[in-house]
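Reviewing the structure listed below.
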Amino acid sequence: MKDIVQREAPVLREVAKSVPVDEIKSERIQKIIVDMKDAMAIQKDGVAIAAPQIAVNLRIFVISGTLLKQADKKYKGDGSDLIFINPEIIKASKEKKEVEEGCLSVRWLYGKVKRSIRVTLRGYNEKGEKLERGASGLLAQIFQHEVDHLNGILFTDKARETWEMTDEEIEDLQSK
Ligand code: ZN
């Protein structure tokens, strides 16, 4: 099991490297995707994870389809995980909203961050197929948070205010 690295780790501050498209289906990359899913699965509030968070300096992120469905009733997906490789935000609404955010690599801080309410992401899926996807609400927020990770940015760099979760809140989260 790969550990999730915490905010002091230099890998979180690097600009992650693109995955060569002809290597997406390779055993090495597929194994990294499985490792990311495994690391995320044991975190009760882990709705998404970027490869640098398991100390892999590559442009990949994974979103838990089940947790996304639970957290956002408007989300219409079938609950399968979403995998994005070499993602790029090609459009972002000027309109922004301040939203609450946390991060598996910044335990146990939460904060308020301004995010575009709609974005369009372009990249590849785990089969090496090109994709383009528009999103609003929580999914748009996740896209921005995860692409930031791939550029060495943590939400605390952008947060207007941050606070620590209480022990009680953490216990509550872990007992769910
Ligand atoms: Zn994060």
Strands (runs of 3 or more DSSP E) within the stretch 82-124 that include 3 or more residues touching a residue at least 24 places away in the same chain (Cβ under 8 Å) and within 30 Å of E168 (Cβ to Cβ): 96-102, 109-116
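Taking the stretch 131-157 as the region of interest, how many residues are out of contact with any helix residue (DSSP H, G or I) (no Cβ under 9 Å at 6 or more places or on another chain), away from the ligand (no atom under 14 Å from the Cβ) and over 14 Å from K97 (Cα atoms)? Outline the logic, then answer.
Our first condition is that a residue be out of contact with any helix residue (DSSP H, G or I) (no Cβ under 9 Å at 6 or more places or on another chain); within the stretch 131-157, this holds for 131-132, 136-137, 140-141, 143-144, 146-147, 151, 156.
Going one step further and asking which of them are away from the ligand (no atom under 14 Å from the Cβ), we end up with 131-132, 136-137, 140.
After this cut, where a residue has to be over 14 Å from K97 (Cα atoms) as well, the list is 131-132.
Matching residues across the stretch 131-157 total 2.
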Odd one out for S175 among (1) over 27 Å from P10 (Cα atoms); (2) among the hydroxyl-bearing types (S, T, Y); (3) under 16 Å from the mean Cα position of the chain (by Cα): (3)
Index of the failed condition, K127 passing every other in (1) closer than 22 Å to Q30 by Cβ; (2) away from the ligand (no atom under 15 Å from the Cβ); (3) touching a strand residue (DSSP E or B) at 6+ places or on another chain (Cβ under 8 Å); (4) assigned to a loop (DSSP other than H, G, I, E, B): (3)
Some residue of the stretch 14-28 being surrounded by 18 or more Cβ atoms within 10 Å (Cβ to Cβ) and either at pLDDT below 95 or assigned to a helix (DSSP H, G or I) (or both): no
Filter result (hydroxyl-bearing (S, T, Y) and without any contact (Cβ under 8 Å) to a residue 60 or more places away in the chain) within the stretch 126-174: S136, T162, T166
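The values are calculated or read from the model by the stated rules, or taken from the named source; none is laboratory data. Since this is a predicted model, take the numbers as computed values, not measurements. Quick reminder, even Gly has a Cβ in these numbers, built from the backbone with ideal geometry, and neighbours come from all protein chains shown.
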